[in-house]
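The values are calculated or read from the model by the stated rules, or taken from the named source; none is laboratory data. These numbers come from a predicted model, not from an experiment. Note that each Cβ is placed from the backbone with ideal geometry, even for glycine, and that neighbours are counted across all protein chains shown. Accessible surface is based on the protein model in full, side chains and every heavy atom, while ligands, DNA and RNA are left aside. Shrake-Rupley method; radii C 1.70, N 1.55, O 1.52, S 1.80 Å.
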Amino acid sequence: MPADTVITRFAPSPTGFLHIGGARTALFNWLFARHNKGEFLLRIEDTDRARSTPEATEAIFAGLKWLGLDWDGEAVSQFSRIARHGEVAAEMLARGTAYKCFATRDEIDAFRTEARAEGRPPLFLSPWRDADPSTHPQGAEFTIRLKAPREGKVVVEDKVQGRVEWDASSLDDLILLRSDATPTYMLAVVVDDHDMAVSHVIRGDDHLTNAARQILIYRAMGWQAPVFAHIPLIHGPDGAKLSKRHGALGIEAYRDLGYLPAALRNYLARLGWSHGDDEFFTSAQAIEWFGLEQVGKSAARFDFAKLENLNGRHIRATPDGDLVTALDEFIAAQHKPPLDAARKAMLTQAMPGLKDRAKTLVELIDISHYIISERPFHPEEKAAKHLAGDAPATLARLTVRLQNARRWTAGSLEESVRAFAEEEQIKLGRIAQPLRVALTGRTVSPGVFEVMETLGRDETLARLGDVAAAP
RNA sequence: GCACCCUUCGUCUAGUGGUCCAGGACGCCGGCCUUUCACGCCGGAAACACGGGUUCGAGUCCCGUAGGGUGUACCA
């Protein structure tokens with residue numbers, strides 16, 4: 001593989017579902033890799049054994065698959081690489097860029113508490129940094145710390161944030177290997193990113209200061225650091241950090257709400273990244289256009305109204321047959337009775353009139369109610385009003401005419417109903433609404449003549465009969 | 001506390017010193033279309049956080065203030 005191949009990775013920790021912020025990070029990595037014809041890798045950061053669960057790992061896989069973010073190769077378990085992490089720590093010890101620290105947790109905690117109380121920086125400077133090995137306590141537990149430079153600057157040339165620098169004195173000697181010999185996140189990411197030949201690290205900007213520390217580890221090992229790009233976080237509608245309490249729903253919640261993966265990708269890409277005034281685009285276009293240069297620096301708020309609008313546009317842009325398939329899968333996922341072939345055919349036929357009226361799959365099912373459900377219908381309360389007064393009598397007269405209709409198409413049906421309204425000297429609306437309610441049980445539906453055509457003569461007449469028979 | 005990042009309509013954003021009395025999109029308001037509701041179309045209200053500089057000229061550069069965010073773990 002050529003050295004200039006772009007390799008990105010998404011590295012979630014399996015401590016819960018794939019949330020929307022993680023999904024966007026994954027999306028940006030995927031977009032960047034695909035744009036550059038590189039690779040998009042997946043690594044599960046499961047070194048925290050207490051909090052990691054296999055269920056969460058599965059949820060992340062499922063979430064990425066549903067969103068359509070395919071990764072290259074097998075997902076890597078960070079925990080499985082624990083031996084290699086230990087090896088690197090040992091090498092750093094040998095190189096003199098790390099040291100054993102025998103300070104106990106209690107000592108460190110006490111130091112920090114005191115420092116804070118006195119208003120001093122709570123940076124723990126280990127007394128073991130330059131200790132002679134002969135003074136090391138025998139058999140005592142120890143951690144391995146990075147021997148970080150005490151002077152100078154640490155610079156991150158970030159593709160999104162620009163040049164950011166810290167005084168080395170503000171960074172502590174972070175722990176590389178815990179006292180139980182397991183690696184910390186800092187060590188593990190660096191070793192894994194290096195070994196996986198990751199060229200671009202694209203992640204949330206909550207990791208920006210971590211980049212400074214990680215660069216120190218790269219330096220200590222004499223490795224070349226990857227290109228960093230810290231993208232801004234997504235905030236909740238109230239501007240606060242997106243947390244579970246603030247509607248940071250798992251990706252599957254968006255699926256259940258009836259959003260299309262294509263729409264979610266579109267929306268998420270547009271959150272923080274732009275390509276001029278383009279708002280509505282396909283993933284192929286996003287891949288073609290994507291670049292780190294057009295990623296903004298400020299946090300964005302999640303806005304359901306806009307997602308919904310975009311979703312509606314994607315629904316309208318989806319071929320009718322695909323929409324029926326999506327509906328079928330959606331219904332199956334909800335454990336509802338599956339659609340039979342006749343209903344699927346009706347849905348496909350009616351879809352042009354249906355999809356204009358739905359912004360989500362949930363709404364699409366709702367507006368398709370007159371096809372999916374069985375007669376007889378019990379009209380909704382406000383719909384029933386259209387069946388009051390002389391409406392049933394008028395409907396009955398219309399039914400007779402309909403029974404003799406020669407052609408059963410929306411066009412000819414409209415002709416005869418219009419003619420009927422003229423004879424009765426009523427406005428079309430006076431008969432169309434009762435007709436709609438009789439046929440769908442609702443006041444809202446696609447054009448009533450299309451509904452009749454979709455339903456067919458027998459079903460239409462049967463529903464009209466139901467109304468006539470009602471008390 | 002300290003460090004770092006951010007700040008254009010309610011929201012997402014365009015804007016890389018003059019073409020910006022700031023453009024688009026969502027949402028909102030009004031209208032058209034119409035058998036309902038949508039879709040579509042037309043129109044409207046709505047923003048450069050504040051204060052100093054630099055410059056002939058600043059939304060665009062610099063400094064400060066305010067507000068927001070992130071980090072500061074033997075968590076990732």
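For the stretch A:137-153, give me each residue that is closer than 28 Å to A:Arg219 by Cβ and open to solvent by 40 Å² or more (accessible area, probe 1.4 Å). Walk me through how you get there before you give the answer.
Of the stretch A:137-153, the ones closer than 28 Å to A:Arg219 by Cβ are A:141-153.
Listed by number, the residues that qualify are A:Glu141, A:Phe142, A:Lys147, A:Pro149, A:Arg150, A:Glu151, A:Gly152, A:Lys153.
Quickly run through the stretch A:78-95 and pick out the residues that are within 11 Å of RNA strand B (Cβ to nearest atom) and free of Cβ contacts under 8 Å to residues at least 60 places away in the same chain.
A:Phe79
How many residues does the stretch A:192-215 contain that are of a type in the set (A, V, I, L, M, F, W, C) and open to solvent by less than 10 Å² (accessible area, probe 1.4 Å)?
Here is the first cut: in the stretch A:192-215, the residues of a type in the set (A, V, I, L, M, F, W, C) are A:196-198, A:201-202, A:208, A:211-212, A:215.
When the remaining residues are screened for being open to solvent by less than 10 Å² (accessible area, probe 1.4 Å), the result is A:201-202, A:211-212.
Result for the stretch A:192-215: 4.
Could you please find all residues in the stretch A:428-445 being among the polar types (S, T, N, Q) and more than 16 Å from A:Glu459 (Cα to Cα)?
Taking the stretch A:428-445 as the starting set, the residues that turn out to be among the polar types (S, T, N, Q) are A:433, A:440, A:443, A:445.
Within the stretch A:428-445, A:Gln433, A:Thr443, A:Ser445 meet the criteria.
Could you identify the single residue in A:Ala181, A:Ala168 that is open to solvent by less than 70 Å² (accessible area, probe 1.4 Å), farther than 29 Å from A:Arg120 by Cα and modelled with pLDDT under 95? Show your work before the answer.
Details: A:Ala168 fails: farther than 29 Å from A:Arg120 by Cα.
Unique residue meeting the criteria: A:Ala181.
Kindly list, by first and then second residue, each pair from a residue in the stretch A:211-237 that is closer than 22 Å to A:Ala148 by Cβ to a residue that is among the polar types (S, T, N, Q) and buried (at least 20 other Cβ atoms within 10 Å of the Cβ), limited to pairs with Cβ atoms under 6 Å and residues at least 6 apart or on different chains.
Here the result reads A:Pro226/A:Ser199, each pair linking the stretch A:211-237 to a residue that is among the polar types (S, T, N, Q) and buried (at least 20 other Cβ atoms within 10 Å of the Cβ).
Which members of the stretch A:430-459 meet the condition of being more than 42 Å from the chain's Cα centre (by Cα) and either under 16 Å from A:Leu347 (Cα atoms) or of a type outside the set (A, V, I, L, M) (or both)?
A:Arg430, A:Pro434, A:Arg457, A:Asp458
Before we move on, is A:Asp458 away from RNA strand B (no atom under 13 Å from the Cβ), open to solvent by 70 Å² or more (accessible area, probe 1.4 Å), assigned to a helix (DSSP H, G or I) and more than 30 Å from A:Lys306 (Cβ to Cβ)? First the steps, then the outcome.
Values: away from RNA strand B (no atom under 13 Å from the Cβ): yes; open to solvent by 70 Å² or more (accessible area, probe 1.4 Å): yes; assigned to a helix (DSSP H, G or I): yes; more than 30 Å from A:Lys306 (Cβ to Cβ): yes.
The answer is yes for A:Asp458.
Filter the stretch A:96-136 for residues that are open to solvent by 50 Å² or more (accessible area, probe 1.4 Å), among the charged types (D, E, K, R) and either within 8 Å of RNA strand B (Cβ to nearest atom) or outside any strand (DSSP E or B) (or both) and give the result.
A:Arg105, A:Asp106, A:Glu107, A:Asp109, A:Arg112, A:Glu114, A:Arg116, A:Glu118, A:Arg120, A:Asp130, A:Asp132
A:Ala56 - would you say it is open to solvent by less than 60 Å² (accessible area, probe 1.4 Å) and under 13 Å from A:Glu252 (Cα atoms)?
yes
Out of the residues in the stretch A:341-362 meeting the condition of being open to solvent by 40 Å² or more (accessible area, probe 1.4 Å) and farther than 24 Å from A:Ala410 by Cα, tell me which one is nearest to RNA strand B (Cβ to nearest atom).
The residue in question is A:Lys359.
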